[in-house]
Structures are given as structure tokens and as C-alpha cells.
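Engineer: Sharing a structure with you now.
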Amino acid sequence: MLKIIKVLALGAAIATLTVASAQSQDHDLKPTVVLVHGAFAESSSWDAVIARLTKDGYVAIAAANPLRSVASDAASVAAVVRAIHGPVVLVGHSYGGPVITEAANGNPNVKALVYVAGFMPDTGESSLTLSGKFPGGTLAGALAPVTLPDGTQDLYIQPSKFHLQFAADVSDDKAALMASTQRPVAQAALAEPSGAASWKLLPSYMIYGSADRNIPPAVMRFMAERAHAAKTVVVDGASHALMVSNPGEVTALIEEAASAR
């Protein structure tokens, strides 16, 4: 039975990618948008963005991010990218930023990178080293570590602190749901040095909130300026979860990256 389930799951995934490939060719060669969530989130965090992209004729795929290590997570996303025929715009939120940075390497169909409150690391940098580069982040005091059987640790945000820390501009009910469905990140993944910085070769875009508590806004401004980002958008008062609270602004930047020549 387990083998049958695995085969069916694989078949469904292939069918989804095949449809996405066909649709990306049918919609005036619009790029397929691959969205990668970060730590303490999951794929449904992109729901409102996907709805807008779909309405505007784009194919969007919320790729699963295992949140185990930058290298292995990027390999999973890169496999999705390679299965798509036609151009791709990679979008990464938070820790998803290092993942898309690595996933783009060796995939010539990636035409642009969009960082949504995301880390944009240079070679050898990690999420931890970047987040501590400037003051302003309060994530460390909100974390709840869980020790796994192998001695490593997974990190969650304490549910009671999730709303203020991660999604202060989201409704109480929505933030409570996000806190309950958050996915943990391996502590080692946040400390893992990044590989080649693909943003040095590809157009990059950055959007972040001025009230982000997970990644200090000064860090994101620094990364965008260092990368000579094609465009940087700062959403006044937005939290770290700005793809949930401000999906229109996020979608607009993605579509600008997708339509650029």
C-alpha cells in the first residue's frame, strides 16, 4: 500500500509540473513563478499571492521547502525548476532566500530572483550571521527549541509570541492559525554557509516591511544595496509575514520581475 501511495504521489507531482509547463507556454510565454516559503511558515502562506498571480495569467507553484539544510532544501527546489520547460522566477521568503539563491545555480531557465523579507547571502554567509549584522531583530527571545532523537534541534516560535514576532499586521485569528501550522527549521540550517551567490548573475528584487522583527530592516536594506537590486520596495509598517498581510505589493513586484526584459 505504501508503495502505491508513493507512486500516486509521484504521479500527481509530475502531472502538476506538466500542466505548469504547458500553461507557462500558453500564457504568452509568461514565466512560471516558483514560491519558496521560509522557516516558521508553510506553503499556504503564499495563497493570496498565488490567487493574484493566477488571475493575472501566471502559473504559480508553491514548492515544498523541507527546512533541513540549505544545500538539500535547494536541491529539492532545483528539481522542481528543472522540471519546468520555460522561464522561471524564483521567489523566496525569509530562509527561503538562501534556498532560492542556491537553487538557481546551474538552472539556466531562472530569469530573476525575488526576495520577500528574505536573506540574500553572499558566498559563505548564513542566515544567522546576516541576521546579527545589524540590531533590531527579536527572534532569539521568541524561539522554542525542540531536541530531536539525534541530538540536533528544531526551532519553533513560541505560539504565545508568534503574532507579535512574526505577523503583527495579520488578524488575531489568522496569526493564531499560522502559529499552529508553523513548520520548524533545523537550527543547523540557519547556521549553514551559503554557496555561490546567484544574485550576482541574475536580476534580483527585494521587498520587506519596515516593522520586521525577524530580520532587521537594516539587514535587508544592506543586502539589497550590496546586490544592486533592480528594485527594492519597503512596505511601511509591514511585518515579516508581508506576503500574507500585503499580498498585492508582493505580487506586483513578482510580476515586475517576471515581465522585465
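Engineer: Any idea which of (1) touching a strand residue (DSSP E or B) at 6+ places or on another chain (Cβ under 8 Å); (2) open to solvent by less than 40 Å² (accessible area, probe 1.4 Å); (3) outside any loop (DSSP other than H, G, I, E, B) is the one L130 doesn't satisfy?
Structural biologist: Every condition holds for L130 apart from (1).
Engineer: Could you please find all residues in region 82-102 being closer than 23 Å to A224 by Cβ and of a type in the set (A, V, I, L, M, F, W, C)?
Structural biologist: Selection gives V88, V89, L90, V91, V99, I100.
Engineer: From the residues in region 79-96 that are part of a helix (DSSP H, G or I), touching a residue at least 24 places away in the same chain (Cβ under 8 Å) and open to solvent by 10 Å² or more (accessible area, probe 1.4 Å), which one is nearest to H37 (Cα to Cα)?
Structural biologist: Residue satisfying both the conditions and the ranking: V80.
Engineer: Here are some conditions: (1) farther than 30 Å from L29 by Cβ; (2) in a loop (DSSP other than H, G, I, E, B); (3) at pLDDT 95 or above; (4) in contact with a Pro (Cβ under 9 Å, 6 or more places away or on another chain). P135 meets all but one. Which one does it not meet?
Structural biologist: Condition (3) is where P135 drops out.
Engineer: While we're here: Output the residues belonging to region 197-245 that are among the hydroxyl-bearing types (S, T, Y) and touching a residue at least 40 places away in the same chain (Cβ under 8 Å).
Structural biologist: If the condition is that a residue be among the hydroxyl-bearing types (S, T, Y) and touching a residue at least 40 places away in the same chain (Cβ under 8 Å), then S198, S204, Y205, Y208, S239, S245 are the ones that fit.
Engineer: Tell me, which strands (runs of 3 or more DSSP E) lie completely within region 147-256 with 3 or more residues that are among the β-branched types (V, I, T), surrounded by 14 or more Cβ atoms within 10 Å (Cβ to Cβ) and in contact with a strand residue (DSSP E or B) (Cβ under 9 Å, 6 or more places away or on another chain)?
Structural biologist: By residue number, 231-235.
Engineer: Would you check if A71 is crowded, with 24+ Cβ neighbours inside 10 Å, in contact (Cβ under 8 Å) with a residue 24 or more places away in the chain, out of contact with any His (no Cβ under 9 Å at 6 or more places or on another chain) and closer than 21 Å to E192 by Cα?
Structural biologist: Here the answer is no, as A71 does not meet what is asked.
The values are calculated or read from the model by the stated rules, or taken from the named source; none is laboratory data. Everything numeric here is computed off the predicted structure, so don't read it as measured data. Heads up, the Cβs are rebuilt from the backbone with ideal geometry, glycines too, and the neighbour counts pull from every protein chain shown. Surface accessibility is based on the protein's heavy atoms, side chains included, excluding ligands, DNA and RNA. Shrake-Rupley method; radii C 1.70, N 1.55, O 1.52, S 1.80 Å.
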